[in-house]
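Notes to accompany the following structure.
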Amino acid sequence: MARDPEPVGPMALQAVARGMPADLRVRRGADSDLGRTVEFQNRYSTPGQHTTPEVLVRRRKTNPEPLGLTLLAEDAAGSVVAVGTATDGGLMRAADGSWRLSLHVAEGWRHRGVGTALLEALEAHARANAASRVVVAVRATDPEGAAFALHRGYRAFHERIDAYVDVRAFDGSRFEDPTVSMSRHGIRLAIYGDLLTENAADVEAFERAMIEAVWPMFRDVPSPVALPETPPPFEQGRKMLEGAGLDHRATVLALKGRDVVGITVTTVNENGTAYTNFTGVTRAERGLGIALALKLEVLQVLKQQGIKLFGTTNDEKNDPMRRINDKLGYVPDPPTTMYAKALE
C-alpha cells in the first residue's frame with residue numbers, strides 16, 4: 001500500500017527552506033511520487049543504470065531501508081525540480097558507518113540555494129542516525145557538481161569507471177569458446193535459470209550454497225566503502241537476488257562439480273541496455289580466465305536477446321577486471337569521483 005506524502009517536520013522544513021526560492025515546496029518523497037522521481041533521476045543516469053519504478057519497488061521490498069530519506073523540491077506547477085536522497089544501504093549498510101547521498105537539481109534552479117538546503121538536510125538526517133561520514137558520487141562530466149561538493153567540505157578519495165561495449169558489434173570469434181576453455185579446468189558454465197531448473201527438487205539448498213560461496217567474492221571486489229563481513233539472512237539474501245532484477249538467462253555461474261567458483265550477475269533494462277551488477281571468482285580459482293569466460297558467455301546471450309549496449313562499473317583499483325573489459329572492447333567513460341565528508 002502506498003504511503004501518503006509525509007511533510008518534513010517543522011524544524012527540518014525550516015532548515016531545508018532556508019535560502020530557497022519562496023515558490024518551491026519541499027517535502028518527503030512518497031511511494032506515489034516514484035514515477036516522477038525515477039523520471040527525474042534517469043535524466044542524470046548512465047544508460048546502463050537507467051531504472052524503472054517497478055525495479056525500485058522490488059528493491060525496496062527486498063532490501064528495506066527504514067532510515068532512508070528522499071526529499072523532493074517542486075515548483076508552483078508541481079513539477080519536480082530537485083531530488084535528494086540519503087541511505088545507509090539497509091541490509092548492505094557499510095561496515096564503517098558511511099552513508100550515501102545523492103542530489104540532483106534541474107539546471108534552471110541551480111545557484112539559487114536549492115542544492116545547499118537539500119544537502120544540509122540530508123547530512124543532518126545522516127548525522128542524527130549515527131553516520132560517521134557521507135559519500136557522494138560525481139561524474140567527470142559534471143564539473144559544477146565537483147565544485148559544489150568541494151565548496152561544502154567534501155574531499156575526493158576514490159574513482160570508479162563506467163564502461164560500455166556495443167553488443168551488436170561485438171565479435172566473439174576472436175576468443176576461444178568459453179565452454180571449451182573452461183572444460184580444460186574441469187569448470188562448467190551454467191545459466192542461472194537453467195540451474196534453478198536443475199535444482200528444482202531443492203532450490204533453497206542450491207541458493208544457500210550459492211550465496212555462501214559468492215559473498216566472499218563480493219567482499220573481495222574493491223569498493224569505496226567497507227562491505228558487511230557476513231551476508232544478510234538467507235531469506236533476505238534470496239529476496240535481494242530476486243529484487244535486483246537479475247536476468248535469469250544473462251546471469252551465469254561457473255561451477256566445479258557442485259561448487260560455485262565464479263559468477264556474473266546481469267540486469268537487462270527495458271531501454272535495450274544491460275548492466276553487470278557484479279562479477280567475481282573465488283580466490284582459489286583465479287588466474288584461469290573464469291571472469292573472461294563468464295563475460296563472453298553473457299555477451300552471447302545478450303546478442304541473442306537483441307541488447308544494444310552492455311555496461312559495467314569498476315573500481316579504479318580493480319585492474320584485473322578492467323583489463324578484461326579492455327580486451328572485450330569496452331569503451332570507458334570519464335571516471336566518476338567519490339567524495340566524502342566526515343560527520344561530527
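Every read-out reported here was derived from the displayed coordinates using simple, explicitly stated rules and does not represent laboratory data. What you see is a predicted model, and the numbers here were worked out from it, not measured in a lab. Positions of Cβ are backbone-derived with ideal geometry, glycine not excepted, and every protein chain shown enters the neighbour counts.
Observations
- Rg/Rg_ref, the range 10-131, where Rg_ref = 2.2 N^0.38 Å and atoms are Cα: 1.05
- Loop sites in the range 128-170: trypsin sites (Lys or Arg not before Pro), DSSP, at most 14 other Cβ within 10 Å: ARG168
- Aspartates and glutamates with Cα under 13 Å of LYS239, excluding same-chain neighbours fewer than 8 positions away: GLU204, GLU207
- Low-density loop positions, GluC sites (Glu not before Pro), the range 171-207 - DSSP coil, at most 16 other Cβ in 10 Å: GLU176
- Set of aspartates and glutamates near LYS303 by C-alpha distance (under 19 Å), chain-local residues within fewer than 8 positions excluded: ASP166, ASP171, GLU176, ASP177, ASP194, ASP247, GLU270, ASP326
- Straight-line cross-link partners of LYS317 among the aspartates and glutamates, defined as a Cα under 13 Å from its Cα and at least 8 positions apart when in the same chain: GLU159, ASP220.
- Per principal axis, descending, Cα span of the chain in whole Å: 68, 39, 37
- 0 to 90° range, to nearest 10: angle between helix 203-220 axis and the chain longest Cα axis: 70
- With the charge dipole of the chain set up from +1 on Lys and Arg Cβ and -1 on Asp and Glu Cβ about the Cα centre, the Cα lying farthest toward the positive end among the listed residues VAL57, VAL26, LEU101 is that of LEU101.
- Mean ellipticity per residue at 222 nm, deg cm²/dmol - from DSSP H runs of n ≥ 4 across the chain, formula -39500 (n - 2.57): -10500 deg cm²/dmol
- Here the Kirkwood formula, the inverse mean of 1/r across different C-alpha pairs, assigns the range 203-344 a hydrodynamic radius of 16.3 Å.
- Listed values for the range 246-253 are Karplus-derived 3J(HN,Hα) couplings in whole Hz (6.51 cos²θ - 1.76 cosθ + 1.60, θ = phi - 60°), namely 4, 8, 5, 8, 9, 9, 10, 10, and x replaces Gly and Pro.
- Note on the range 80-164: Cα-only Rg and Dmax are 13.4, 39 Å.
- Built amide H within the under 5 Å cut-off of LEU343, gap 5+: ARG133, VAL134
- For the range 10-131, averaging the sequence separation of C-alpha pairs within contact (under 8 Å, six or more residues apart) and dividing by the residue count gives a relative contact order of 29 percent.
- Long-range Cα-Cα pairs in the range 138-232 (distance over 16 Å), rounded percent: 77
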